[in-house]
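A short worksheet on the structure shown next.
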Amino acid sequence: MYEIFPHTADVGLRVKSPDLNSLFAESAKGFFSLIISNLHDVAPRTSVEFHIKGHDLAYLLADWLSELLFTFESRRLLLSQFDVAVGPDGLDARAQGETADETRHVLDHEIKAVTYHRLRVEQVNSDWLAEVIMDI
Amino acid sequence: MVAERYEGPLEQVTPYCWRIPKSYKPGMLVDGLIFANEKLMELIRQDPAPEQVANVAFLPGIQYASLAMPDIHWGYGFPIGGVCATDPTEGGVISPGGVGYDINCGVRLMRSNLFFKDVQPHLESLVHELFRNIPTGVGRGGKYHFSHGDLQNLMECGPQALKERGLADERDIRFTEAHGRLDGAKPDYVSSRALDRGYDQCGSLGAGNHFMEVQVVERICDDESARVMGLQQNMVCVMIHSGSRGLGYQVCDDALRALRNVPQQYGIELPDRQLVCAPVNSPAGESYLGAMRAAANFAWCNRQLLMWQAREVFEKVFGRSWHELGLELVYDVAHNIAKFEEHVIDGKKKHVWVHRKGATRAFPPHHPEIPSEYSEIGQPVLIPGDMGRASWVLVGQTASMEQTFGSACHGAGRVLSRHAAVRKAQGRRIDQELRAQGIVACGRSWKGLAEEQPDAYKDVDIIVDVVDKAGLAKKIARMRPIGVIKG
């Protein structure tokens, strides 16, 4: 489950999930929901694999979202479905989506970057919680 | 999460300056100073921006104070509107967060010899032609595609490289801060990822708060300075606000990643990960500076190409060449940048790295770094407001050198989050409201215009009034928007 929280100039993303894999998958969905307002209209036509190394979960989240941003900016690829496996040394993921088509996709925000300001990934009681602020 | 109110100390020093004493937090090396009036201070306390002013005071080698301009608001790491100077000979650091992701985001102003009465009958078609011809919007590139080799040249030489292609003239370069070229740029330090993001984005506006506006000189406050800048009442001008696009964002992102463990290596303790930094005189610091300068030069090329495309549109709409239309650059100034400058600190001349994160250079008359034509009046300081009210042209004043390392504000500063602005706009058509005020606005989405509506910003008149009264920069002309294009 993800929600957008306000920041004076930029936009924050808060995600809550029962496990780390779904936390990272939901974060990715929340991230693309900022780029495109009709994410449900993105069809799973293309598949992309990601392998990201890292031990610090907060930086791993920032690196994961930054990788998705680069994929969108360099290939105009919108991704909407994610299968993520987080391990002790990083993550492996498979994402599906399609090339942006402005006749069908309503592009919303240009995300400049994923910031480290108040970046957190923590276990809270039985859930995992992530917060990250994007520079718009 | 609702932005928490700042509850720390703020002591009034003058009617336009407030201090956060360095005793506020262990680790602060200098005081924080915020330039504002009482009314603005109440707004500024409502988010964590003053806390960020205090956090910047932790940076090693920081001189005099961690400063904030009256348009300060909550950023990430540094506040937006923050200024700090570090001395490399005292272990001073360079912090990519003190420049921001949008390296050399800035503003340029182009004047014309057209007046409101000449343009009004063509305004609708002029704005629509600008919107059709100038690339705007999320991740959008433009008509100029550069090979990696060409990009290297743009990053090394700035708009001088465009002059060789007939896309800039000598005067354009002369009236750009630093002549559009920071020496020491190292295009080789810019990653291939940054090049992939930027290769088709030179000459594109982007989205968010970036814009191109057709403006009218509504009021002149200083006849002589306005005359020197070629500005007259009711004259039509074009203001452009954009930066280094994906290339610059990626340079900053790459640097933050490379610097993650560097503060630890040098025993630097920081209160926020986004403040990561490296000593200026270190391989990591030099590497960032080389790439940052390259991205800054690229940003000047971007604004040059945006202006060039605007000239082409004016030529088409008015059927005369841009030379005949007098479409000449008044000035171009950066407001997200770090520059190595000479300043007098505690009575001694020092060379320091001035970080301006959402702050505009405001050098006074006779400063050697401003064009000789402006030597008697001071450097033009261009302050965009919001798309419904006004923007301003000021000139730098002597007190800026004494109080803010030659800096002034950079805009109005947001007062509503994007979320709150959209909520406030529910059921309204911002473009129609602007039209009722005589402003033709074109945006790629309703939401984009809603997020950038005038109510989302503080009143720029109040911001520049503080800057003027504090002696940082002097008001010259108030500009009224009549046409706006947004991403």
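The values are calculated or read from the model by the stated rules, or taken from the named source; none is laboratory data. Since this is a predicted model, take the numbers as computed values, not measurements. Don't worry about glycine lacking a Cβ; one is built from the backbone with ideal geometry, like all the others, and counts go over all protein chains shown.
Summary table
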| read-out | value |
| --- | --- |
| Members of region B:410-461 that are farther than 18 Å from B:L123 by Cα and of a type in the set (G, A, S) | B:G411, B:A412, B:G413, B:S417, B:A420, B:A421, B:A425, B:G427, B:S445, B:G448, B:A450, B:A456 |
| All positions within region A:85-106 that are hydrophobic (A, V, I, L, M, F, W, C) and closer than 15 Å to A:P44 by Cβ | A:A93, A:A95, A:A100 |
| Scope region A:115-136; condition more than 8 Å from chain B (Cβ to nearest Cβ) and either surrounded by 20 or more Cβ atoms within 10 Å (Cβ to Cβ) or in a strand (DSSP E or B) (or both); matching residues | A:R120, A:V121, A:E122, A:Q123, A:V124, A:D127, A:W128, A:L129, A:A130, A:V132, A:M134 |
| Residue within region B:276-295 that is within 26 Å of B:A85 (Cα to Cα), modelled with pLDDT of 95 or more, polar (S, T, N, Q) and in a strand (DSSP E or B) present | no |
| Region B:403-449, residues that are touching a strand residue (DSSP E or B) at 6+ places or on another chain (Cβ under 8 Å) and farther than 26 Å from B:L43 by Cα | B:D431, B:R435, B:G438, B:I439, B:V440, B:A441, B:C442, B:G443, B:R444, B:S445 |
| Every residue from region B:388-412 that is assigned to a helix (DSSP H, G or I) and either without any contact (Cβ under 8 Å) to a residue 60 or more places away in the chain or hydrophobic (A, V, I, L, M, F, W, C) (or both) | B:A399, B:M401, B:E402 |
| Condition met for B:D183 (more than 14 Å from chain A (Cβ to nearest Cβ), more than 24 Å from A:T115 (Cα to Cα) and assigned to a helix (DSSP H, G or I)) | no |
| Selection count where residues are touching a Lys or Arg at 6+ places or on another chain (Cβ under 9 Å), surrounded by fewer than 19 Cβ atoms within 10 Å (Cβ to Cβ), over 26 Å from B:V484 (Cα atoms) and more than 9 Å from chain A (Cβ to nearest Cβ), scope region B:225-262 | 0 |
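So that you can scan it fast, the table gives a plain yes or no per residue for (1) free of Cβ contacts under 8 Å to residues at least 24 places away in the same chain; (2) buried (at least 17 other Cβ atoms within 10 Å of the Cβ):
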{"site": "B:E156", "(1), (2)": "no, yes"}
{"site": "B:E170", "(1), (2)": "yes, no"}
{"site": "B:T176", "(1), (2)": "no, yes"}
{"site": "B:G184", "(1), (2)": "no, no"}
